[in-house]
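Nothing in this text is a laboratory measurement; each read-out follows from the coordinates by a stated rule. Every value quoted in this text rests on a predicted model; they were computed, and no experiment measured them.
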Amino acid sequence: MTHVTVSGNTIEEAVQKALLELETTEARLSYQVVSEPKKGFLGFGSRPATIEAHIKPDPIMEAYSFLESTVTLMGVPATIVQEDIDQGDKQVR
């Protein structure tokens with residue numbers, strides 16, 4: 001699942017619900033406020049905050065998918081290696 005619409009008493013509560021449902025972090029979450037919360041009078045006319053949230057695409061995985069499909073379509077036998085420049089670690093996929 002990459003997209004949800006959730007409600008909460010506050011926008012922050014709705015964001016937390018979206019994070020749990022999408023099983024992601026705040027850094028990878030993007031959301032748009034559909035409706036602001038409204039307190040109402042004596043509990044009447046109150047309205048929760050509603051947001052539409054989705055997971056931002058991972059640029060590394062997007063690049064990997066692109067390269068994998070391109071190499072496959074070209075019919076070239078190749079291994080794609082992801083190297084973490086900071087650590088010098090290599091991951092072969």
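Contact order, relative form, for the chain: 25 percent (alpha carbon pairs under 8 Å, 6 or more residues apart, mean separation divided by residue count). Lysine pairs in the chain whose alpha-carbon atoms fall under 28 angstrom of each other, counting only those eight or more residues apart or on distinct chains, come to 4.
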